[in-house]
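Asks: Input: one structure, supplied below.
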């Protein structure tokens, strides 16, 4: 005997508190018009981690990886990626970044490298996507440079930590 079928989920009658801005009234994707927004200083911080085998971590920590300075190359990749975000994420506005900083923390106990990126601009739209893209590509670069030693590395927990500027003001992640 077949179990009883569940009724279809009920449609929401109320729109969400924060409507999706990249869709018009007809549901078509579009680039958000930021022309009327005020130019303000915008800052975003994002981070992510890559876990690896102890031997791979030791290669990075000692600077003896076959392909060279893993963290130095990953830093440059992160900065470069932040500047190319609008080429990678279809509806992002191209931004004139005023600063991008990428810093690494090595956690020997967890065999993990953490990358934190801060992106800044003075403009009409935020830099969250630039910071997140930078973290993603920086961590992917570590993977690329070390994959011959360890294909089991895990990139995880890429997220926005903080954003400031613009009409919505300051936002800080709940860091549980």
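The values are calculated or read from the model by the stated rules, or taken from the named source; none is laboratory data. Every value quoted in this text rests on a predicted model; they were computed, and no experiment measured them. Every residue, glycine among them, receives a Cβ derived from its backbone with ideal geometry; neighbour counts consider all protein chains shown.
Asks: Among the residues of the range 60-85, which ones are out of contact with any strand residue (DSSP E or B) (no Cβ under 9 Å at 6 or more places or on another chain) and modelled with pLDDT under 95?
Replies: 62, 63, 64, 65, 66, 67, 68, 69, listed by residue number.
Asks: So, one more: Which of the residues that make up the range 34-51 are touching a helix residue (DSSP H, G or I) at 6+ places or on another chain (Cβ under 8 Å) and within 18 Å of residue 156 (Cβ to Cβ)? If you could, list the steps in order and put the result at the bottom.
Replies: First, pick out the residues of the range 34-51 that are touching a helix residue (DSSP H, G or I) at 6+ places or on another chain (Cβ under 8 Å): 44-50.
Residues satisfying the conditions are 45, 46, 47, 48, 49, 50.
Asks: Does residue 48 satisfy the condition of being surrounded by fewer than 15 Cβ atoms within 10 Å (Cβ to Cβ) and closer than 15 Å to residue 103 by Cβ? Break it down stepwise before answering.
Replies: Values: surrounded by fewer than 15 Cβ atoms within 10 Å (Cβ to Cβ): no; closer than 15 Å to residue 103 by Cβ: yes.
In short, no.
Asks: Of the conditions (1) modelled with pLDDT under 95; (2) part of a strand (DSSP E or B), residue 169 clears all except one; give me its number.
Replies: (2)
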